[in-house]
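Heads up, the thing below is written out as structure tokens.
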């Protein structure tokens, strides 16, 4: 026999299923982070809501026990790099869905240039090519702790750990291409700024070169005009 306990949902679905703005937002999140479906958005959102609910409850209370719980909640979020050191319970209320999505293993694999796209990052994880501190992790939604971030790499047994692997060379080529594109953009900005500076300088020199009318010349001109008017 299996376990008699009742398995409950780990997420809450939206109250209104046909809210257009919410549907559009979820679509962009799914495509940006390479999620499998909207269920993954709702699961992450449930984690955020849980933290917000805890924070609101602790802010309302003012007991010794609530202060202990505050420290525990804050330290847990600091551990996942969701909050900075010396943060307060009020800072938890500023957390957003994107903050939790940025801590997913899939996102960090892409950020570390171990994959070319979010979908490829997901594929590498599910196929067992990614390791954290030498241990294979096959869950794309795994929330990465702050002390684990620098230890994310290809699994030693994986074919991707070889530098001459076709996918790895593609990733490096793309990275180099991106660097060249950024450098080119910087050079373009510099040349535009230089052009503007030269134009401004030439305008200033032109204004300086113009002969300035003296007061006596101005007086003479006015006298001539008055004489003409009298005639």
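The numbers here are math on the coordinates, done by the rules we state, and not lab data. Just so it is clear, the structure is predicted and the values come from calculations on it, not from any experiment. Here Cβ is always computed from backbone atoms with ideal geometry, including for glycine, and neighbour counts include all displayed protein chains.
For the stretch 107-213, calculate the relative contact order in percent as a whole number, restricting contacts to Cα pairs under 8 Å that are 6 or more residues apart.
That works out to 19 percent.
What FRET efficiency comes out for the pair residue 86/residue 60, r = Cβ-Cβ distance, R0 = 22 Å, nearest 0.05?
So, using R0 = 22 Å, E works out to roughly 0.45.
Between Rg and the Kirkwood Rh of the chain, both from Cα atoms, what is the Rg to Rh ratio?
With Rg and the Kirkwood Rh in hand, the quotient comes to 1.33.
So what is the 222 nm mean residue ellipticity for the chain from helices alone, if each DSSP H run of at least 4 adds -39500 (n - 2.57) and you divide by all residues, rounding to the nearest 500 deg cm²/dmol?
Estimated from H runs of four or more residues: -19500 deg cm²/dmol.
Could you give the length gained by full extension between residue 197 and residue 69, i.e. 0.36 nm per residue of separation minus their alpha carbon distance, to one decimal place?
Extra length from residue 197 to residue 69 when fully extended: 40.2 nm.
Using a/c under 1.5 as the rounded threshold, could you call the stretch 69-137 rounded, prolate or oblate? The axes a ≥ b ≥ c are square roots of the C-alpha gyration tensor eigenvalues, and prolate needs a/b larger than b/c, oblate otherwise.
prolate
For the peptides 134-142, 158-166, what is the packing order when you average, over each peptide's residues, the other Cβ atoms within 10 Å and list the highest mean first?
Most protected by this proxy first, the peptides run 134-142, 158-166.
Measuring from label point to label point, each 7 Å out along Cα→Cβ, what is the residue 16 to residue 150 span in nm?
My value for the distance between the label points is 4.8 nm.
To the nearest 10 degrees, how steeply does helix 166-209 sit against the main Cα axis of the chain, on a 0 to 90 scale?
The two axes meet at around 20 degrees.
Once you have a ≥ b ≥ c as the square roots of the Cα gyration tensor eigenvalues for the stretch 104-199, tell me rounded if a/c is under 1.5, and otherwise prolate or oblate according to whether a/b is larger than b/c.
prolate
In the Gaussian network model of the chain, springs joining C-alpha atoms below 10 Å, which of 22, 103, 49 carries the largest mean-square fluctuation?
22
What does the convex hull of the alpha-carbon atoms of the stretch 8-102 project to on average, in nm²?
That works out to 7.4 nm².
If we sort 25-33, 73-81 on the protection proxy, mean other Cβ atoms within 10 Å, highest first, what's the order?
Going by the mean number of other Cβ atoms within 10 Å, highest first, we get 73-81, 25-33.
For the modelled label position 7 Å from the Cα of residue 111 along Cα-to-Cβ, which residues of the stretch 25-44 have backbone nitrogen atoms closer than 19 Å?
Answer for this model: 29-36, 41, 44.
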